[in-house]
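**Q** The structure follows.
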Amino acid sequence: MTSEHPFPSPVRVRFAPSPTGTLHVGSARTALYNYLFARHLQGSFVLRIEDTDAARSTPEFERSILDDVAWLGLDWDEGPDRGGDFGPYRQSERSAAGLYLSYAGRLLDENKAYHCFCSQERLEKLKQECLARNEMPKYDHRCGAISSDEAESRLAAGEPATIRFRVSDGDIAVDDLIHGRTAFPAGVIGDFIIVRSDGAPSYNFAVVVDDIDMEITHVIRGEDHLTNTARQLLVYAALAKEPPAFAHHSLIMGPDGGKLSKRHGATSAGDFRQLGYLPAAIINYLALLSWSPPSQREQLSKAEMIKDFEIRRVARSPAIFDLQKLNWLNGLYIRDLDHEAFHRAIEPFLGAAREFASEGQLAVAEQAIQTSLVALAGAREQLAAFFDQRPLAEAKESVELVDAGSERVLELALLRIAALNSAAEFNAAGATEEIEAARLMLSELKRQCRQEKIPPKQMFRTLRIALTGRASGPELPFLLAGLAREAVRQRLEEAREFAAARLRGKV
RNA sequence: GCCCCCAUCGUCUAGUGGCCUAGGACACCGCCCUUUCAAGGCGGCGGCGGGGAUUCGAAUUCCCCUGGGGGCACCA
């Protein structure tokens with residue numbers, strides 16, 4: 001059914017957001033599917049701004065959306081910011097250029113559309129009556145009977161009017177690349193407005209005109225548009241234009257099965273950006289929501305997705321957004337970063353932590369946390385072991401220091417402090433070397449402890465608690481190297497005094 | 001209410017009539033590694049919503065039910 005649908009080359013698809021909010025993950029996935037489809041077939045990916053709703057659209061949202069799409073790595077070939085042969089790419093500008101009105105005029109001339117003078121009140125009443133009769137609300141045709149002469153004179157008199165599309169009889173079938181054929185019975189849709197009383201085109205009209213003018217070959221969008229497609233097909237027919245191929249993908253649900261919304265937590269691309277999710281992880285996750293590659297692999301680069309993407313491999317059923325799986329993928333991508341790339345990625349999330357560290361110390365700390373991060377924004381908390389030392393008196397774990405063996409561990413460690421460099425003595429390039437030095441120091445210390453019958457476990461725990469006031473955190477070699485000689489000495493000495501004072505009953 | 005879509009482990013999915021006593025991934029549980037927490041390795045738990053029909057044979061085809069979702073604007 002759908003598999004043998006021809007894909008004319010070159011293919012042209014578009015992502016057409018409305019700048020009335022930020023980029024939602026659902027829209028991001030729509031953009032992604034369009035992008036992958038276009039790149040897979042070496043076609044064009046067009047970005048169009050649907051801002052005919054002047055009341056809700058803002059330039060800020062438009063910029064924010066473009067920004068997020070770019071951040072996700074979905075580069076477009078044509079768009080409002082970069083032009084193209086089919087512009088303008090903003091509906092407000094296209095409207096100002098009279099593009100829609102000329103098409104509407106044609107429909108009016110051919111009696112395929114008519115002026116409607118009904119008031120909002122009457123329309124509302126009509127709707128209620130339909131509902132009361134258990135019918136699907138639809139316009140009753142009233143103004144369709146007005147003669148063009150009468151319409152002209154009422155228009156001339158300044159009476160406000162919309163332009164309605166005259167819906168013809170007959171079933172409407174939508175051939176969908178994902179769903180196959182779905183038919184809408186005749187009569188379920190009434191004459192709909194194509195031009196509002198303020199002269200702006202309505203969605204179902206503007207989309208068709210734009211897709212025709214921009215020579216869009218495939219429309220890939222959310223399933224919430226399926227019923228709109230029936231209306232749009234009618235407009236194509238009235239304009240005597242061949243419609244593009246359609247593919248309606250399923251919607252993303254929240255964990256409770258309901259529509260994904262703010263109450264489910266982060267839902268916009270920007271939210272995830274702020275939390276420190278990598279674009280590669282997000283598009284990878286979003287692609288896997290509904291789509292699966294023949295290889296069944298889970299971690300896929302953009303290039304691999306482009307290579308394998310096929311619209312027919314997109315599942316039909318709705319998908320629940322699973323943050324845990326996104327977290328897993330994000331962790332994979334974070335761990336895949338080399339030291340420099342990780343440094344660049346984590347930098348914006350460091351906050352105050354950055355000021356406390358020398359370049360070398362920071363590099364060590366970064367290596368320490370890279371394997372355990374789920375999202376970059378978790379860095380500050382993980383870095384706490386280095387930068388926010390918890391006073392021993394406040395840490396319940398510190399009782400473990402009050403022990404002859406522990407006191408001895410601290411003494412021995414202090415004697416080996418020279419193995420560590422001073423904070424100023426190493427830079428980012430020397431970080432790995434410094435960690436190795438700390439590792440060596442620890443193994444020597446361990447050997448000595450063994451000789452003195454102090455269990456290694458006690459040694460490691462003692463040092464960890466002495467250095468951080470906590471029982472868990474980064475591995476000790478990272479801690480020692482990251483803190484560097486001065487801080488290590490200071491904390492060790494404090495701990496020794498703490499232990500000594502309590503051991504001898506002075507506190 | 002009316003119209004449309006959807007239905008495989010808790011979640012995302014593979015599966016297009018026999019290769020399925022249904023495969024993978026996340027999550028969960030256990031074990032290993034180990035100085036902690038992670039990471040990593042190994043293993044385990046767990047599913048075709050229900051009922052009919054077609055067929056030698058149905059997760060796969062058809063019908064009904066149930067459940068979920070979407071649409072029904074001078075929003076997109």
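**Q** In whole Hz, what ³J(HN,Hα) sequence does the range A:449-460 give by Karplus (6.51, -1.76, 1.60; θ = phi - 60°), x for Gly and Pro?
**A** After applying 6.51 cos²θ - 1.76 cosθ + 1.60, I find 4, 4, 4, 8, 6, 9, x, x, 4, 5, 4, 5 Hz.
**Q** Then there is this: Mind jotting down the distance between the C-alpha centroids of the range A:165-232 and the range A:389-467, whole Å?
**A** 70
**Q** Please give the peptides A:198-207, A:480-489 ranked by average Cβ packing (other Cβ atoms within 10 Å per residue), highest first, as a rough proxy for protection.
**A** Ranked by mean Cβ neighbours within 10 Å, highest first: A:480-489, A:198-207.
**Q** State whether chain A is rounded, prolate or oblate according to the following rule on the C-alpha gyration tensor (a ≥ b ≥ c being the square roots of its eigenvalues): a/c under 1.5 gives rounded; otherwise a/b larger than b/c gives prolate, and the remaining case gives oblate.
**A** prolate
**Q** Another one. Starting with the highest mean, order A:268-279, A:445-456 by the number of other Cβ atoms within 10 Å, averaged over the residues of each peptide.
**A** A:268-279, A:445-456
**Q** Which of rounded, prolate, oblate describes the range A:262-336, given a ≥ b ≥ c as roots of the alpha-carbon gyration tensor eigenvalues and a/c under 1.5 marking rounded, otherwise prolate only if a/b is larger than b/c?
**A** Judged from the Cα gyration tensor, the range A:262-336 comes out oblate (a/c at least 1.5, b/c at or above a/b).
**Q** Please report, in debye to the nearest 20, how large the charge dipole of the range A:400-470 is about its Cα centre when each Lys and Arg carries +1 at its beta carbon and each Asp and Glu carries -1 there.
**A** For this selection, approximately 380 debye.
**Q** Got a sec to turn the phi values of the range A:152-165 into Karplus ³J(HN,Hα) couplings, 6.51 cos²θ - 1.76 cosθ + 1.60 with θ = phi - 60°, whole Hz, x for Gly and Pro?
**A** For the range A:152-165, the Karplus-derived couplings read 4, 5, 5, 5, 4, 6, x, 6, x, 8, 10, 10, 10, 8 Hz, x marking Gly and Pro.
**Q** Run the helix sum for chain A: -39,500 (n - 2.57) per DSSP H stretch of 4+ residues, divided by residue count, reported at 222 nm to the nearest 500 deg cm²/dmol.
**A** Dividing the helical sum by the residues of chain A leaves -14500 deg cm²/dmol.
**Q** Angle check, please: helix A:323-336 long axis (alpha carbons) against the longest principal axis of chain A (alpha carbons), in degrees 0 to 90, nearest 10.
**A** Its long axis makes an angle of about 60 degrees.
**Q** Classify the range A:340-503 from the C-alpha gyration tensor, please: rounded if a/c falls under 1.5, else prolate or oblate depending on whether a/b exceeds b/c.
**A** In terms of gyration-tensor shape, prolate.
Each value in this text was obtained by applying a stated rule to the coordinates, not by laboratory testing. Model, not experiment: these values are computed from the prediction. Please note: Cβ atoms are built from the backbone with ideal geometry, for glycine as well, and neighbour counts cover all protein chains shown.
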